[in-house]
Amino acid sequence: MNDSGSVSPRSVVITGATSGIGLATARLLAAAPGVTVVVPARDAARGKRVADEIGRVALPLDLADLASVRAFPAALDAARLPPLHALLANAGIQYTDRKHTTSDGFEATFGTNHLGHFLLIRLLLDRLADDGRIAIVSSGTHKRQRLRNGGYPPPSWADARTLATPGEGSGQVAYATSKLANAITAVELGRRIDDLRPGTRIAVHGVDPGLVPATGLARDYSPTGQRIYRALAPAIAALMPGATTPERAAANLAATALDPSYARGATNGALPAGRWWEIAKDGAPSAEAQDPQTGADLWRDSEALVGLAPAPRPS
Ligand SMILES: NC(=O)c1ccc[n+]([C@@H]2O[C@H](COP(=O)([O-])OP(=O)(O)OC[C@H]3O[C@@H](n4cnc5c(N)ncnc54)[C@H](OP(=O)(O)O)[C@@H]3O)[C@@H](O)[C@H]2O)c1
């Protein structure tokens, strides 16, 4: 609200808004007063379709192409939108193997889910409002809890250069590992945010949406596997503990951008500068994601991989 009691116009950038949780979140955000939703899309037609539906703005962005990520801030500036209030790093991809590569030659899961978002966040930081918010979407698969994750394999952590190198191995493990990188980044960015943007109160949140079966995340699975998954989706969402619908997951993600309980001062302290929202309640990322040395190493190596000059270390 501004001094006259009306809502100040503001923009929210949400990656992955052309499908699943991101699309449901973009619809909710677009219905909020004063909010301009920016739909960054790797496929212009898909982006335009969503922007036309919710009456907002589509801009080109392929997180698997660092040149495209570098071009995004200028495209955002050129669109002359209201001040940037929130960045929701939601896009994600899952393959069945580790052989796909980004335009820059990185393993595509780590390259898209982590490196593309790492660079995007860093490039948009200076444009964020002083009381702005960042939310990074991770997943319960980042935790080593195979039983609770319905048999999904746990992450296999290594240094960022190894993770960014394509090769043999399980796509599911690569996905869980990229989601661990997302969780580590939510913690490490929180440690550094006040040095990166001195004098501001920017909040940095992490989100585990829960198992959301009715999205496009299984698109690389076999057609039969996808048909079975889609057919079972309603039953899984209704019956399995920790499973939910895109709409319920979206309500939580949209809240990180707009709800006063996600302003920096209102956080519960689970993350250095924000909340960790897990399915439908406050939680915490794994101890592994909170390890300071792991965070510092990933930050340094990610900067080198995406070609950024080192940022100030936390004071
Ligand atoms: N579904 C679940 O059970 C679940 C559980 C935990 C966490 N998550 C996380 O939730 C987030 C959203 O996933 P979802 O389930 O909603 O999946 P989804 O329906 O497949 O949506 C993924 C979105 O990411 C976009 N995307 C993929 N690669 C991209 C790239 N290179 N550049 C730009 N955008 C790209 C897709 O764009 P296109 O439309 O062009 O493909 C799509 O909009 C992901 O981070 C995922 O890891 C999901």
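Taking the criterion of being in a loop (DSSP other than H, G, I, E, B), touching a residue at least 12 places away in the same chain (Cβ under 8 Å) and more than 14 Å from the ligand (Cβ to nearest atom), no residue of region 205-262 qualifies.
Remark: pairs (first residue in region 92-114, within 21 Å of residue 140 (Cα to Cα) and open to solvent by 10 Å² or more (accessible area, probe 1.4 Å); second residue in a strand (DSSP E or B) and within 10 Å of the ligand (Cβ to nearest atom); Cβ separation under 9 Å; 6+ apart in sequence or on different chains) = 92/137.
Being β-branched (Val, Ile, Thr), touching a residue at least 12 places away in the same chain (Cβ under 8 Å), within 12 Å of the ligand (Cβ to nearest atom) and at negative phi is not true of residue 185.
Name the single residue that is nearest to residue 211 (Cα to Cα) among those in region 122-136 being open to solvent by less than 10 Å² (accessible area, probe 1.4 Å) and within 16 Å of the ligand (Cβ to nearest atom). Across region 122-136, the extreme among qualifying residues is 136. Of the residues 24, 30, 51, 41, only one is over 14 Å from residue 90 (Cα atoms) and modelled with pLDDT of 95 or more; which? The conditions single out 30. Residue 185 falls short on exactly one of the conditions (1) assigned to a loop (DSSP other than H, G, I, E, B); (2) within 14 Å of residue 302 (Cα to Cα); (3) open to solvent by less than 40 Å² (accessible area, probe 1.4 Å), and that condition is (1).
Listed by position, the strands (runs of 3 or more DSSP E) enclosed by region 1-110 that each have at least 3 residues that are away from the ligand (no atom under 14 Å from the Cβ) are 10-14, 84-89.
Taking first residues from region 54-66 that are more than 21 Å from residue 36 (Cα to Cα) and partners that are among the hydroxyl-bearing types (Ser, Thr, Tyr), the Cβ contacts under 7 Å between residues at least 6 apart in sequence or on separate chains come to 63/15; 63/112; 64/102; 64/103; 64/112; 65/102; 65/103. Among the candidates 148, 161, the residue that is open to solvent by 10 Å² or more (accessible area, probe 1.4 Å) and either in a loop (DSSP other than H, G, I, E, B) or within 15 Å of residue 99 (Cβ to Cβ) (or both) is uniquely 148. The one condition from (1) of a type outside the set (A, V, I, L, M); (2) in contact with a Ser or Thr (Cβ under 8 Å, 6 or more places away or on another chain); (3) within 15 Å of the ligand (Cβ to nearest atom); (4) more than 22 Å from residue 90 (Cβ to Cβ) that residue 175 does not meet is (4). In the set 19, 103, 68, only one residue is hydroxyl-bearing (Ser, Thr, Tyr), within 29 Å of residue 172 (Cβ to Cβ) and in contact with a Pro (Cβ under 8 Å, 6 or more places away or on another chain); that residue is 68. Within region 287-315, residues that are of a type in the set (Phe, Trp, Tyr) sit with their Cβ atoms under 8 Å from residues that are surrounded by 13 or more Cβ atoms within 10 Å (Cβ to Cβ) and at pLDDT 95 or above, at 6+ positions apart or across chains, in these pairs: 299/185; 299/188; 299/192.
Number of residues in region 176-230 that are of a type in the set (Val, Ile, Thr) and touching a Phe, Trp or Tyr at 6+ places or on another chain (Cβ under 7 Å): the value is 3.
The values are calculated or read from the model by the stated rules, or taken from the named source; none is laboratory data. Computed from a predicted structure; not experimentally measured. Backbone-built Cβ (ideal geometry, glycine too); neighbour counts: all protein chains shown. Ligands, DNA and RNA are stripped out before the accessible areas are found, and what is left, the full protein with its side chains, is counted by its heavy atoms. Shrake-Rupley method; radii C 1.70, N 1.55, O 1.52, S 1.80 Å.
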